[in-house]
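S.K.: Can you read through this structure? Questions will come right after.
The values are calculated or read from the model by the stated rules, or taken from the named source; none is laboratory data. In this text, all values refer to a predicted model and were calculated from it rather than measured experimentally. Cβ placement follows ideal geometry from the backbone for every residue including glycine, while neighbour counts extend to all protein chains displayed.
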Amino acid sequence: MAIHIGRRELIAALGGTAAAWPLTARAQHPAMPMIGYLNMRSRHGDMPLTAAFRRGLNEAGYVEGQNVAIEYRWADEHYDRLQALAAELVHRHVAVIAAATTAAALAAKAATATIPIVFESAGDPVRLGLVPSLNRPGSNVTGVTQTNVEIEPKRLELLHELLPTTRVMAVLVNPADPLTENQLKEAQSAARILGLELHVLIASTEHHFDAVFAKLIQLRAGGLAISTNVLFTGRAEELGALAARQAVPAIYKGREFTAAGGLMSYGTDPTDSYRIAGVYTGRILKGEKPADLPVQQVSKVELIINLKTAKALGITFPITLLGRADEVIE
């Protein structure tokens, strides 16, 4: 017996079936996990490091937009924005917070004691209170640390080795940075050992740079060691060019500084620590607990020398120092 279905009934039946398909599909494909990415830097200044973080995620089996989503928050170098940005990520119920830079890590830790946090920091995470132990983080926090704060004294030592008769030097710091207190203690301790008179210069925005170099010349300081800081890293090229223009022997942490005319750079490459942070974030998404993941330490340090700048300053590098350089710019 033939069954006749009217046109309206057919459309209604097909419409009901079509409406059911996406519901079934959604049931079969659960929502992607979401990572909250918090950084003290600006979006533009952080691009190479964000790429390194995503490479680490890829190594752990996660690709943004395919099987994981990332909610980004950049503080644009404003420390006072971090707490609100961290609270936003907690409110979004992200699966894990990747907190890059020390200040971001401290803000994330203050915002949640339950959501897993993977930090990337240039400081000692135990001294900063991020974790009780490197081997046994024991909470919702783990991550990667560079050795940049610990090698602050080494930068001063390198300047002294190059300029052994210079007795007056300066160190540039950002007072808003939570690492500044430890950086100053390390630098002042090294200065006492080396018999140097060390002046502390302050810059909390790029608008202070010209005044800093003017003060440096007024003090007749023979060298400048620039402490590790997000503001200075984001403007390493500007600082390198300014040091060259003002004929100041200066040292900072990254190659960008030396390539722009700074005399020397000595520090770690942050892309490595960001990549490892990405790997750790992926492992936590797969079910591992932060408390079971020891804090990783990136300890490879590069010394880069700009001989062109040295010649312009009338400085001759000793063979012993040149021999230790990882790269020489001529």
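S.K.: Within segment 162-169, is even one residue closer than 26 Å to Leu303 by Cβ, crowded, with 24+ Cβ neighbours inside 10 Å and modelled with pLDDT of 95 or more?
M.R.: Within segment 162-169, one or more residues are closer than 26 Å to Leu303 by Cβ, crowded, with 24+ Cβ neighbours inside 10 Å and modelled with pLDDT of 95 or more.
S.K.: Can you name every residue in segment 49-108 that is touching a Gly at 6+ places or on another chain (Cβ under 6 Å) and among the aliphatic types (A, V, I, L, M)?
M.R.: Across segment 49-108, the qualifying residues are Leu57, Ala60, Leu89, Val94, Ile97.
S.K.: Something else now. Between residues in segment 158-178 that are closer than 14 Å to Leu201 by Cβ and residues that are among the charged types (D, E, K, R), which pairs lie under 9 Å by C-beta distance while being six or more apart or on different chains?
M.R.: From segment 158-178, the pairs are Val168/Glu197; Val168/Arg220; Met169/Glu197; Ala170/Lys215; Val171/Glu152; Val171/Arg155.
S.K.: Filtering segment 57-80 down to residues that are part of a loop (DSSP other than H, G, I, E, B) and under 19 Å from Pro178 (Cβ atoms), which residue is farthest from the chain's Cα centre (by Cα)?
M.R.: His78
S.K.: For segment 219-240, which residues satisfy the criterion of being more than 23 Å from Glu161 (Cα to Cα) and surrounded by fewer than 18 Cβ atoms within 10 Å (Cβ to Cβ)?
M.R.: Scanning segment 219-240 gives Glu237, Glu238.
S.K.: Can you pull out the residues in segment 33-50 that are touching a residue at least 60 places away in the same chain (Cβ under 8 Å) and among the hydrophobic types (A, V, I, L, M, F, W, C)?
M.R.: Answer for segment 33-50, where residues must be touching a residue at least 60 places away in the same chain (Cβ under 8 Å) and among the hydrophobic types (A, V, I, L, M, F, W, C): Met34, Ile35, Leu38, Met40, Leu49.
S.K.: Counting just the residues of segment 244-291 that are assigned to a helix (DSSP H, G or I) and free of Cβ contacts under 8 Å to residues at least 40 places away in the same chain, which one comes out nearest to His160 (Cα to Cα)?
M.R.: Phe257
S.K.: Right, next: What's the number of the only condition in (1) surrounded by 22 or more Cβ atoms within 10 Å (Cβ to Cβ); (2) more than 12 Å from Val96 (Cβ to Cβ); (3) not aromatic (Phe, Trp, Tyr) that Lys308 fails to meet?
M.R.: (1)
S.K.: Moving on. Does segment 154-173 contain any residue that is in contact with a helix residue (DSSP H, G or I) (Cβ under 6 Å, 6 or more places away or on another chain), not assigned by TED's automatic domain parsing to the domain that holds Ile226 and not in a loop (DSSP other than H, G, I, E, B)?
M.R.: For segment 154-173, residues in contact with a helix residue (DSSP H, G or I) (Cβ under 6 Å, 6 or more places away or on another chain), not assigned by TED's automatic domain parsing to the domain that holds Ile226 and not in a loop (DSSP other than H, G, I, E, B): absent.
S.K.: Quick one: Gln297 ticks every box in (1) of a type outside the set (Ser, Thr, Tyr); (2) modelled with pLDDT of 95 or more; (3) assigned to a strand (DSSP E or B) except a single one, so which number is it?
M.R.: In the conditions (1) of a type outside the set (Ser, Thr, Tyr); (2) modelled with pLDDT of 95 or more; (3) assigned to a strand (DSSP E or B), Gln297 misses (2) alone.
S.K.: Give segment 59-89 a look and list any residue that's of a type in the set (Gly, Ala, Ser), touching a residue at least 24 places away in the same chain (Cβ under 8 Å) and farther than 26 Å from Asn174 by Cα, or say none.
M.R.: Passing the criteria: Ala60, Gly61, Ala69.
S.K.: Could you grab me the full set of residues in segment 81-129 that are closer than 20 Å to Gln183 by Cβ and over 12 Å from the mean Cα position of the chain (by Cα)?
M.R.: Leu82, Leu106, Ala107, Asp124, Pro125, Val126, Arg127, Leu128, Gly129
S.K.: So, one more: Check Gly278, Gly287 and return the single one that is among the small types (Gly, Ala, Ser), under 25 Å from the mean Cα position of the chain (by Cα) and closer than 28 Å to Ala100 by Cα.
M.R.: Being among the small types (Gly, Ala, Ser), under 25 Å from the mean Cα position of the chain (by Cα) and closer than 28 Å to Ala100 by Cα holds for just one of Gly278, Gly287, which is Gly278.
S.K.: Now, a different point. Going through segment 178-225 one residue at a time, which ones are assigned to a helix (DSSP H, G or I), touching a helix residue (DSSP H, G or I) at 6+ places or on another chain (Cβ under 7 Å) and closer than 21 Å to Ile315 by Cα?
M.R.: Leu194, Phe213
S.K.: Between Ala250, Ala244, which is surrounded by fewer than 23 Cβ atoms within 10 Å (Cβ to Cβ) and in contact with a helix residue (DSSP H, G or I) (Cβ under 7 Å, 6 or more places away or on another chain)?
M.R.: Checking each option against the conditions leaves just Ala244.
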